[in-house]
Amino acid sequence: IDASMQGVDLMPALAAGAAVREGAWIDHRVERGLTVNTWITPRHRLSLHAIHAERREEAELYDLETDPDELRNIARENPALVAELSQQLLRHIASVQGPWQPRPVFA
């Protein structure tokens with residue numbers, strides 16, 4: 001396997017049906033100045049909206065067991081869970097991204 005490739009060995013999951021990671025990360029650059037990082041676990045979806053111009057962040061949290069259609073944002077009444085899932089997300093991002101590398105600029 002090429003050392004520059006990212007990924008998780010899925011053989012344990014295929015062989016025994018065991019989970020191989022805590023969740024899935026979606027990094028979405030919506031528009032200039034707005035980034036959304038989403039962390040989906042078997043039970044929850046957390047989306048962190050970073051509004052760069054206003055230097056603030058908004059959270060969306062859904063319980064996928066009790067609200068599979070994601071109709072009720074429960075982030076405000078569950079700050080500890082938002083913090084826990086945010087930490088999982090940050091650990092995951094750190095595990096798959098190497099040191100920061102400047103991107104080339106094209107004119």
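The figures follow:
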quantity	calculated
Hydrodynamic radius by Kirkwood, which averages 1/r over all alpha carbon pairs of region 35-89, in angstrom	11.4 Å
Heavy atoms of Arg91 accessible to a 1.4 Å probe, total area in Å² rounded to 10	130 Å²
Sum of side-chain charges, Pro42 neighbourhood, beta-carbon under 15 Å (Lys, Arg +1; Asp, Glu -1)	-3
Net charge contributed by nearby residues that have their C-beta within less than 15 Å of Ala53 (K/R +1, D/E -1)	0
Solvent-accessible area of Asp9 with every protein chain in place, 1.4 Å probe, in Å² to the nearest 10	100 Å²
Approximate spin-label separation Asp69-Leu34, in nm, with each point projected 7 Å along Cα-to-Cβ	2.4 nm
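The values are calculated or read from the model by the stated rules, or taken from the named source; none is laboratory data. Please read these numbers as outputs of a predicted model, since none were measured by experiment. Methodologically, a virtual Cβ is constructed for each residue, glycine included, from the backbone with ideal geometry; neighbour enumeration extends over all protein chains shown. Please note that ligands, DNA and RNA were not included when accessible areas were found on the heavy atoms of the full protein model with its side chains. Shrake-Rupley method; radii C 1.70, N 1.55, O 1.52, S 1.80 Å.
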